[in-house]
Structure formats: C-alpha cells, structure tokens
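Report on the following structure.
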Amino acid sequence: MATKTLASWATNLEASSLPSSVKQAAVRSLYNYIGCAIGGSNHAAVTKAHDALSPFFGKATSTLYGHEGGLKADAQHAALLNGIASHVHDYDDTHLATIIHPTGPVASALLAYAEYKGGVSGPNLLCALTAGIEASCKIGLAVWPEHYDIGWHITSSTGGVGAAVAVGRLMHLSEEQMAHAIGIAAVQVVGLREMFGSDTKSFHPGRAAQSGLLAALLAEKGYTSSPQALEAKRGWANVIAGGGMPKLQKYLAELGEKWEIEANAFKPFPCGIVCHPAIDACIQLHHQMAEKGTSAEAIERVEARVHPLVIELTSKCTPKDGLEAKFSVFHGAAVGLLYGKAGPAQYADKVVQDETVIAVRDKVNATADEGLAADETYLTLYFSDGKKLEMHVEHAVGSLEVPMRDEQLTEKFVDQAALVLGENAKKASEAAWTIGEADDVAEILRSL
C-alpha cells in the first residue's frame with residue numbers, strides 16, 4: 001500500500017491547499033538551492049562533468065546556473081549538472097531528522113523540466129517541489145538510520161523518488177502513472193558514503209535528479225513497474241535497509257498532516273552539518289579573542305567535546321583539499337578561530353593547504369561525548385600564558401532552534417554567488433526570491 005499511498009497523495013496535492021507556512025518553507029528551500037547551485041557552478045567537479053558530457057548534450061532547453069543564462073543543456077543533463085553544483089560545496093539544506101539534503105535532487109530535476117516545458121507558474125512549481133521533498137523525507141524516515149548505517153548516501157537514495165514525484169506532479173500524471181514513476185526511480189538507487197570527500201559525493205544528488213526525471217518521463221509514456229515498488233519483500237525499502245519491514249506506511253500516513261519541509265534547515269557553513277556546533281563555537285571565541293587582543297596563533301591547544309557522529313563523519317585530521325576539508329571538524333574549527341567565518345572561501349584548496357591554518361588545525365582535539373545532542377558542543381581554548389576560554393553551544397546556528405533568518409539566507413546567497421557572478425549576485429538573489437510568484441518560472445531561470 002505504501003507506493004499507492006504516496007502516488008495518490010502526490011497526484012491529488014493542490015497548490016491552493018498548501019498551508020502558508022509550507023509555502024514559505026518551499027520558497028526558502030528553493031531560494032537556498034538556487035544560491036548553492038550558482039555558488040558551486042564553477043567548481044572543478046562540475047567543470048569536469050560538463051566537459052566529459054557536453055559532446056552528448058541534446059537540444060539546449062534548460063539553464064545551467066551560474067552563467068546568467070549563457071549556458072544551457074538538455075533537461076536531463078541540466079538536472080545532473082545543476083544537481084552536482086548544488087551539493088559540491090556541501091552548503092545545501094538538511095532535513096535534520098534524517099540528514100537528507102532534500103531540495104538538490106528534487107529541484108534540479110523539477111526546474112530543468114519546468115524550463116523545458118514552459119508556462120509553469122510559481123505556485124505550481126512550489127506545489128511540485130513540496131510533493132517531492134515530502135516524498136524523499138517520508139521514505140527516508142522509514143529506513144533511517146539502518147539504511148545510512150549500511151553505507152548508503154540517503155540524500156540520493158531517496159532523492160530519485162522525490163524527483164520523480166515532483167516532476168510527475170508537474171506533469172499531472174495519473175495515480176497509476178505516478179506509482180510507476182516511483183517504481184522506476186526506486187530501482188535507480190545511487191549513493192555510497194564511501195565517496196564522501198571526493199567528486200562523486202556531489203554526483204549523487206545530480207544523478208538522483210536525472211534518474212527521477214527519467215522515471216517520470218518513462219511513466220508518462222506508459223512504462224510500467226511494480227505497484228509495490230517501495231514496500232514489497234524485495235522492494236526498495238527492504239533491500240536498501242538491510243531487511244525487516246521498515247515503517248513506510250506509518251510515515252506515509254502523515255502526508256499532508258505533518259510537513260517535513262517545515263523541518264528543513266539551512267546551513268550557515270559549507271561542510272558536514274555535524275561540524276557546525278564546533279565551528280559556531282570557534283567563531284564566537286574568535287570574536288572574544290579579538291575583543292581581548294588575542295590571536296589564534298597564541299592558542300596552545302583546543303579541546304572539543306562533540307557528538308559521536310562528528311568523529312564518525314568528519315575526522316579527517318589532514319585534509320588535502322577543500323572537498324576533504326568539508327569532512328574535517330579540525331579544519332572547520334581552525335578557520336573559525338582564525339577568520340571568524342567559515343564560508344566557501346575558507347574551504348578553498350589554498351586555505352586548506354595554508355601553513356597558518358594547518359598550525360591551528362593541528363592543535364585541535366575532538367572527543368566524542370554520547371551525552372551531547374547532535375547540534376551541541378563544549379569547546380575550550382588553552383593559551384600559552386595559562387589562560388583559557390570556554391564556549392558551550394547548546395544549539396548551533398542553522399538548527400531548528402536557532403534557524404537562519406531570511407536576511408542571513410540572503411547574505412549566504414550573495415556571498416557564494418558573488419564568487420561566480422560578481423556584482424550581479426544581488427540581482428540573482430532578488431530574482432530567486434520571487435520565483436514562487438512568477439507566471440512562468442522559465443523567465444527567471446533563464447537569467448540565473
């Protein structure tokens with residue numbers, strides 16, 4: 001029943017029925033996604049993928065963001081490349097209950113198709129986006145944490161289904177067609193945690209977007225799959241969660257009542273989210289040191305008590321480049337202490353390899369504390385003169401308890417987009433905030 005439940009709910013969802021809080025969450029999720037896609041558009045991982053695949057592009061219908069409308073591809077390749085760009089800095093949104101980054105796979109497919117199709121209004125786009133995000137997160141909840149613990153990258157292994165649901169909703173697929181789209185997406189599982197720190201991590205959401213778009217296109221033309229693709233004994237959930245019946249029906253029964261998009265959080269720092277409490281603490285301590293006239297170079301050692309996942313996921317002590325540094329709590333702490341910020345510029349290869357950064361990074365020691373929440377840390381700085389500074393972050397900035405405000409999201413967007421678009425980053429930001437109100441979203445997408 002799970003596949004049918006999801007298909008029925010998604011096909012019947014109407015833009016007019018969305019609560020205002022859900023619409024606002026969708027606007028913020030989409031806005032944040034566009035900023036991340038622009039910000040990552042000139043990364044080497046995106047450039048390499050573009051150069052490898054461009055000889056095989058079809059009719060250029062969909063914008064590759066970050067080129068102010070100057071670069072296009074066919075919808076499937078645009079979904080792939082924009083999906084890679086949106087995740088390459090690890091700056092995208094996070095559904096904290098599952099650590100899924102839901103918007104990247106869904107929006108990359110949805111926007112590429114919407115521009116290809118034309119005539120898609122902002123409200124209808126937000127409705128489809130919401131459907132896709134809800135689908136990703138609900139099925140993710142049903143297999144969390146077993147699925148992730150096995151080694152799957154849950155963003156992409158759920159994102160293909162979310163992308164198929166979103167595009168299928170925009171296509172107005174029938175309930176039967178939507179169920180087939182879900183099944184076609186479900187067989188295209190992608191994403192291994194082993195790839196974290198490499199180009200392939202960002203390939204995951206891009207490929208999920210491409211796979212979801214493909215699934216919806218095939219289903220529209222009558223391509224079939226199992227009607228029990230999600231819940232069957234040898235279906236998606238049982239296979240990728242290591243056996244046992246996951247609680248699919250329980251979470252899918254909450255569709256339209258408990259909205260997962262409202263639990264979507266936004267990253268203030270472009271790295272693994274479990275690092276954020278330590279970075280937050282270090283930035284606050286940086287400002288305290290500045291007030292006292294003390295520099296980070298005077299630190300003798302740094303002791304951080306962190307949630308166990310920090311050690312499991314971000315324990316790269318000597319990252320060699322920016323991609324590896326995103327999984328190094330030691331690098332995040334070092335740049336926070338040195339610069340009082342940890343944006344994309346602080347994760348550039350040259351910063352990761354800077355001797356001053358390395359010197360501070362080598363002084364950081366992180367210890368797992370099972371009594372801490374995932375967004376909590378205790379951090380102590382010990383100085384050569386015997387003094388110390390302490391900081392307790394109960395909830396890191398960007399958590400649901402300390403959410404990023406619209407002003408902070410705008411600053412984040414412009415900060416990363418300016419590295420690509422220069423002064424035109426502000427113009428792109430203004431356009432992205434209005435996409436949910438557009439008569440035809442393609443007009444805005446073509447300028448990004």
| Criterion violated by GLY386 - all others in (1) at negative phi; (2) modelled with pLDDT under 95 satisfied | (1)
| task | Only residues that are without any contact (Cβ under 8 Å) to a residue 40 or more places away in the chain and closer than 30 Å to THR380 by Cα: list them for the stretch 396-427, please. | result | GLU401, VAL402, ARG405, GLU411
| Just checking, which of THR356, THR410 is surrounded by 15 or more Cβ atoms within 10 Å (Cβ to Cβ) and of a type in the set (S, T, N, Q)? | THR410
| message | Cβ-Cβ distance below 7 Å, separation of 6 or more or different chains: which pairs start in the stretch 277-294 with a residue that is closer than 13 Å to ALA342 by Cα and end on one that is of a type in the set (Phe, Trp, Tyr)? | response | ILE279/PHE269
| message | Regarding the stretch 154-171, can at least one residue be identified that is over 25 Å from GLY122 (Cα atoms), assigned to a helix (DSSP H, G or I) and either outside the structural domain of ILE240 (by TED's automatic domain parsing) or of a type in the set (Phe, Trp, Tyr) (or both)? | response | no
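Scan MET195, MET245 and give me the residue that is of a type outside the set (Ser, Thr, Tyr), surrounded by fewer than 19 Cβ atoms within 10 Å (Cβ to Cβ) and closer than 30 Å to SER41 by Cβ. Give the steps one after another, and end with the answer.
Working: MET245 fails: closer than 30 Å to SER41 by Cβ.
Only one candidate qualifies: MET195.
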| task | Return the only residue of GLY242, GLY222 being outside the structural domain of ALA373 (by TED's automatic domain parsing), under 25 Å from THR314 (Cα atoms) and more than 24 Å from the chain's Cα centre (by Cα). | result | GLY242
| query | With ASP415, ASP349, ASP369, ASP375 as the choices, which residue is of a type in the set (Asp, Glu) and closer than 30 Å to SER121 by Cα? | reply | ASP415
| task | Mind telling me which of the residues GLN76, GLN24 ends up being at negative phi, assigned to a helix (DSSP H, G or I) and touching a helix residue (DSSP H, G or I) at 6+ places or on another chain (Cβ under 7 Å)? | result | GLN76
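Does the stretch 414-448 hold any residues that are aliphatic (A, V, I, L, M), at pLDDT 95 or above and more than 17 Å from GLY119 (Cβ to Cβ), and which are they? It would help to see each step written out before you state the result.
At the first step, the residues of the stretch 414-448 found to be aliphatic (A, V, I, L, M) are 414, 417-421, 425, 428, 431-432, 435, 438, 441-442, 444-445, 448.
After this cut, where a residue has to be at pLDDT 95 or above as well, the list is 414, 417-418, 420-421, 425, 428, 431-432, 435, 438, 441-442, 444-445, 448.
Once the filter is applied, which keeps residues that are aliphatic (A, V, I, L, M), at pLDDT 95 or above and more than 17 Å from GLY119 (Cβ to Cβ), the stretch 414-448 yields VAL414, ALA417, ALA418, VAL420, LEU421, ALA425, ALA428, ALA431, ALA432, LEU448.
Taking the condition touching a Gly at 6+ places or on another chain (Cβ under 7 Å) and modelled with pLDDT of 95 or more, does TYR65 pass? Can you show your working first?
Numbers: touching a Gly at 6+ places or on another chain (Cβ under 7 Å): no; modelled with pLDDT of 95 or more: yes.
When the stated conditions are applied, TYR65 does not pass them.
Only one residue in SER62, SER41, SER16, SER54 is in the same structural domain as TRP236 (by TED's automatic domain parsing) and closer than 20 Å to THR130 by Cβ, so which one is that?
Numbers: SER62 fails: closer than 20 Å to THR130 by Cβ; SER41 fails: closer than 20 Å to THR130 by Cβ; SER54 fails: closer than 20 Å to THR130 by Cβ.
Just a single option satisfies the conditions, and that option is SER16.
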| request: Scan the stretch 76-90 and report the pairs whose first residue is in the same structural domain as PHE327 (by TED's automatic domain parsing) and of a type in the set (Ser, Thr, Tyr) and whose second residue is in a helix (DSSP H, G or I) and buried (at least 24 other Cβ atoms within 10 Å of the Cβ), with Cβ atoms within less than 7 Å and a gap of 6+ or a chain change. | output: none
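Only one residue in GLY104, GLY66 is of a type outside the set (Asp, Glu), part of a helix (DSSP H, G or I) and closer than 27 Å to ALA345 by Cβ, so which one is that? Can you show your working first?
Details: GLY66 fails: part of a helix (DSSP H, G or I).
Just one listed residue meets the conditions, GLY104.
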| said: Quick test of your reading of the structure: ASP375 fulfils all but one of (1) surrounded by 22 or more Cβ atoms within 10 Å (Cβ to Cβ); (2) modelled with pLDDT under 95; (3) outside any loop (DSSP other than H, G, I, E, B). Name the failing condition by number. | reply: (3)
| said: With the requirement that a residue be within 16 Å of ASP90 (Cβ to Cβ) and either crowded, with 19+ Cβ neighbours inside 10 Å or acidic (Asp, Glu) (or both), what does the stretch 19-64 give you? | reply: ASN32, TYR33, GLY35, CYS36, ALA37, ILE38, GLY39, GLY40, SER41, HIS43, ALA45, VAL46
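May I ask you to list the residues in the stretch 261-310 that are hydrophobic (A, V, I, L, M, F, W, C), more than 21 Å from the chain's Cα centre (by Cα) and part of a helix (DSSP H, G or I)? Before the answer, list the steps.
Let us first name the residues in the stretch 261-310 that are hydrophobic (A, V, I, L, M, F, W, C), namely 261, 263, 265-266, 269, 271, 273-275, 278-279, 281-283, 285, 289-290, 296, 298-299, 302, 304, 306, 309-310.
Imposing the further condition that a residue be more than 21 Å from the chain's Cα centre (by Cα) reduces the set to 281-283, 285, 289-290, 296, 298-299, 302, 304, 306.
Listed by number, the residues that qualify are ALA281, CYS282, ILE283, LEU285, MET289, ALA290, ALA296, ALA298.
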| Of the residues in the stretch 231-260, how many are outside any helix (DSSP H, G or I) and touching a Pro at 6+ places or on another chain (Cβ under 9 Å)? | 2
| task | Among the residues of the stretch 1-12, write down those that are of a type in the set (A, V, I, L, M, F, W, C) and either part of a helix (DSSP H, G or I) or in contact with a Cys (Cβ under 6 Å, 6 or more places away or on another chain) (or both). | result | ALA2, LEU6, ALA7, TRP9, ALA10
| said: It is to be established whether one or more residues within the stretch 428-435 are closer than 19 Å to ASP280 by Cβ, outside the structural domain of VAL335 (by TED's automatic domain parsing), outside any loop (DSSP other than H, G, I, E, B) and touching a residue at least 60 places away in the same chain (Cβ under 8 Å). | reply: no
| field | Selection count where residues are crowded, with 24+ Cβ neighbours inside 10 Å and assigned to a strand (DSSP E or B), scope the stretch 79-94 | value | 0
| request: For VAL274, state whether it is β-branched (Val, Ile, Thr), without any contact (Cβ under 8 Å) to a residue 60 or more places away in the chain and closer than 22 Å to THR98 by Cβ. | output: no
| If HIS392 passes every condition in (1) in a loop (DSSP other than H, G, I, E, B); (2) modelled with pLDDT of 95 or more but one, which one does it miss? | (1)
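The values are calculated or read from the model by the stated rules, or taken from the named source; none is laboratory data. Everything numeric here is computed off the predicted structure, so don't read it as measured data. Note: ideal-geometry Cβ built from the backbone for every residue, glycine included; neighbour counts use all protein chains shown.
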